[in-house]
Structure formats: C-alpha cells, structure tokens
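The values are calculated or read from the model by the stated rules, or taken from the named source; none is laboratory data. It should be emphasised that the depicted structure is a prediction, and the values quoted were computed from it without experimental measurement. Please note: Cβ atoms are built from the backbone with ideal geometry, for glycine as well, and neighbour counts cover all protein chains shown. Surface accessibility is based on the protein's heavy atoms, side chains included, excluding ligands, DNA and RNA. Shrake-Rupley method; radii C 1.70, N 1.55, O 1.52, S 1.80 Å.
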Amino acid sequence: MPAPLSFVVITGLSGAGKSYAIKCFEDMGFFCVDNLPTTLIPTFADLIMRSEQPIHRVALGVDVREGAYLSRLLDTIRELRARGNALDGIRAERRTLSDLREIADRILDTSALTVHQLKDRLVELYVAPKARPGLATSLVSFGFKHGVPFDADLLFDVRFLPNPHFVESLRPLDGRHERVRAFVLDHPESKEMLRRLEDFLKFVLPCYEREGKAYLTVAIGCTGGRHRSVTLAEELGRFLAGLGYAPTVVHRDLERE
C-alpha cells in the first residue's frame, strides 16, 4: 500500500518565521512550495498524487500579504497597502488569519522561539524519530583552474602539498592509483593535513546533524583536480564511512585535460 500523503500548509504573521519554517521542512525531506496561490492547491495536490516519482510529504507556504487569490482578503490587503502602518498591518493580518486559525491542525506560537528552537519543534511535530534524515555528506575533489564548486559548504585548498604532476611516471595516473596515493601521503605535511581534516570532520559533522542540516558538501581542491585532491577525497571518504556515514565521493575534474 502506498504511503499516505502528508500535506502541511504553513502561514503566519509577518516576521513569525514562515520562510524559515519552509526551509526547515525542506531540510526534513518535504517537497516545499512557497506562495502557491490557494486556488491552485487542489490541482497541485492532484499532480503530486499522479507524479511518477513518489512524493509523500509536502509543505506549502501561504502568505496572507500575497493574497491576490484569496478573494475574501482582497479588501484587507488593499487596506494594508494603502496605510502601510506596521501595527495596523499586524492587526489586519490577525483578522485575516482568524478563520484559518479555527481550522488549523496545529498553532505554533513563535514569539518566544529562536530559529533553532523553531526547527527542533517542527522536527518533533512532523518527523518520526526513526524517519528523521541523517546528514548526507558529499566529498568533491576539484581543480582550482577549472573553478570552485558553487555548492560547497566547506572548502579546503591542498595546493601546498607535493604535486605528483611533476613526476613524469605519475602524471598520467590519478589520485586513486596506489602509486599516486603513496606519493601524496608519504610526505609529512600530507599526513598532518589528512589527520587535521579527519579530526575536524569528526568534530563538525555531529554538530551539523544536531543543527538539523540535511546535506553537506565538502570540497577539496588542488591545481588540476587529478592527483592530490582526489587522493585526499578518497581517504576522507573511507574515514567517514568508518564513522558510520555513507559519503558520496565525486571527482569533478578527473576527466579534464
């Protein structure tokens, strides 16, 4: 039997944390759409149900200030735009939310919550403990001469390490080859760099997990992206696997000239 569709509609007063809540749901694995016109929600739900790729958890952000499709809110929105007074705006938003409040499954008072507490509360309410996602970690080797990965969360420059490119017999090989690996890791600074990276990742990955981060991309760069960065990415991949993670190791520039 297919899993039931979990459909969460999020709205709230200006500054209450709606946009951050949407980001939290996205980190928790929900398919998120912000500011979808309410008249399109039934059609959107039908499309989700018919999607070739199963989508079981959806979160929609509805902003009463963008309520062109909420016909009953039209007069109130015009009033807000005409006056532009923040206090009057909040009062008007409270009035427009009153009907939604009556039918809401949950009402979350964010006035005394930090963004971190808000995320913890959302995870507690909407994600079963056994289903809570772990930290998906990617290790990307790259060459600085080809550009820095745009999606890197952490980036380390290992161009200071001895370069196999200048050893004629090693130049055609890449950092996965045992001879290249031995050359790179035979130098004291390489061993020290690897040890420090392992210690750092061992410390910081659980911190990211506690923060609720779902994805982490660690980029390691050398000049061309074929030797030093590849060796270190492979070593770190094995190290993280030994800690119980399941890292993805990608060598972005391995096939480049």
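Checked against the criterion of being touching a Gly at 6+ places or on another chain (Cβ under 7 Å), assigned to a helix (DSSP H, G or I) and either at pLDDT below 70 or aliphatic (A, V, I, L, M) (or both), the range 20-40 contains one or more residues that satisfy it. Among the residues of the range 167-183, the ones that are of a type in the set (Val, Ile, Thr) and free of Cβ contacts under 8 Å to residues at least 12 places away in the same chain come to 0 in all.
Can you find a residue that is open to solvent by 30 Å² or more (accessible area, probe 1.4 Å), out of contact with any helix residue (DSSP H, G or I) (no Cβ under 9 Å at 6 or more places or on another chain), closer than 30 Å to LYS119 by Cα and hydrophobic (A, V, I, L, M, F, W, C) anywhere in the range 194-202?
First, pick out the residues of the range 194-202 that are open to solvent by 30 Å² or more (accessible area, probe 1.4 Å): 195-196, 198-200, 202.
Subsequent filtering for residues that are out of contact with any helix residue (DSSP H, G or I) (no Cβ under 9 Å at 6 or more places or on another chain) retains 195-196, 199-200.
Narrowing further to those that are closer than 30 Å to LYS119 by Cα: 199-200.
Right, trim to hydrophobic (A, V, I, L, M, F, W, C) and you get 200.
For the range 194-202, residues open to solvent by 30 Å² or more (accessible area, probe 1.4 Å), out of contact with any helix residue (DSSP H, G or I) (no Cβ under 9 Å at 6 or more places or on another chain), closer than 30 Å to LYS119 by Cα and hydrophobic (A, V, I, L, M, F, W, C): present.
Just the residues that are of a type in the set (D, E, K, R) and touching a residue at least 40 places away in the same chain (Cβ under 8 Å), please, taken from the range 207-257. Correct list: GLU209, GLU211, LYS213, ARG226, ARG228, GLU234, GLU235, ARG252, ASP253, ARG256.
So in the range 215-257, with the set limited to residues that are small (Gly, Ala, Ser) and under 15 Å from PRO149 (Cα atoms), which one is surrounded by the most Cβ atoms within 10 Å (Cβ to Cβ)?
Step one: list which residues in the range 215-257 are small (Gly, Ala, Ser), which gives 219, 221, 224-225, 229, 233, 237, 241-242, 244, 246.
From what's left, under 15 Å from PRO149 (Cα atoms): 219, 221, 224-225, 229, 233.
Values: ALA219: 23, GLY221: 28, GLY224: 22, GLY225: 27, SER229: 32, ALA233: 28.
Selected residue: SER229.
Residues that are in a loop (DSSP other than H, G, I, E, B) and basic (Lys, Arg) within the range 223-257 comprise ARG226, ARG252, ARG256, listed in sequence order.
Starting from residues that are aromatic (Phe, Trp, Tyr) and farther than 17 Å from GLU235 by Cα, keep the ones in the range 159-202 and report whichever is nearest to the chain's Cα centre (by Cα). Among those that are aromatic (Phe, Trp, Tyr) and farther than 17 Å from GLU235 by Cα, it is PHE160.
Restricting the search to the range 219-256, which residues are of a type outside the set (A, V, I, L, M, F, W, C), over 12 Å from ASP174 (Cα atoms) and out of contact with any Pro (no Cβ under 6 Å at 6 or more places or on another chain)?
Filtering the range 219-256 for residues of a type outside the set (A, V, I, L, M, F, W, C) gives 221, 223-229, 231, 234-235, 237-238, 242, 244-245, 247-248, 251-253, 255-256.
So of that shortlist, the ones also over 12 Å from ASP174 (Cα atoms) come out as 221, 223, 235, 237-238, 242, 244-245, 247-248, 252.
The answer is GLY221, THR223, GLU235, ARG238, GLY242, GLY244, TYR245, PRO247, THR248, ARG252.
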